[in-house]
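Note sheet for the following structure.
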Amino acid sequence: MTNQLVMYEEELQEINEVCERLHVDANAKAVLVIDKNGQAMAASGEVEALDVTSLSSLIAGNIAAAGGIA
């Protein structure tokens, strides 16, 4: 059985605000918040040219593989 993340609108708004603040404070081109299953939860910055769905899945897979090696 797959656990799905359930979030209230207020929580998502807060995550988006933190994501935007991190984008500005870090002077980053883009910031993504991704859950452990590879689902993008929030994004900020220059993400229009990115395939966020594919990038999120790749990052989650990479982290899972690295965790398996360690």
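The values are calculated or read from the model by the stated rules, or taken from the named source; none is laboratory data. Keep in mind that this is a model prediction, so the values were computed, not measured. Accessible surface areas use protein heavy atoms only, side chains included; no ligands, DNA or RNA. Shrake-Rupley method; radii C 1.70, N 1.55, O 1.52, S 1.80 Å.
Restricting the calculation to Cα atoms, the chain yields a radius of gyration followed by a Dmax of 13.3, 40 Å. Enter the accessible area per residue of the chain (Å², integer; probe 1.4 Å; all protein chains in place). Each residue of the chain exposes 80 Å² on average to a 1.4 Å probe.
Close amide H contacts of residue 42 (hydrogens built in the peptide plane, cut-off under 5 Å, sequence separation of 5 or more or a different chain): 33. Applying the Karplus relation 6.51 cos²θ - 1.76 cosθ + 1.60 with θ = phi - 60° to the range 54-63 yields 3J(HN,Hα) values of 5, 4, 4, 5, 5, 5, 4, x, 5, 5 Hz, where x marks Gly and Pro.
Between the range 30-50 and the range 1-28, the C-alpha centres lie 9 angstrom from each other.
A cut-off of 5 Å between modelled amide H atoms, ignoring neighbours fewer than 5 places along the same chain, links residue 28 with no other residue. The helix-based estimate of mean residue ellipticity at 222 nm for the chain, built from -39,500 (n - 2.57) per DSSP H run of four or more residues and divided by its residue count, is -17000 deg cm²/dmol to the nearest 500.
Measuring nothing but protein heavy atoms, the accessible surface of the chain at 1.4 Å probe radius is 55 percent carbon and sulfur.
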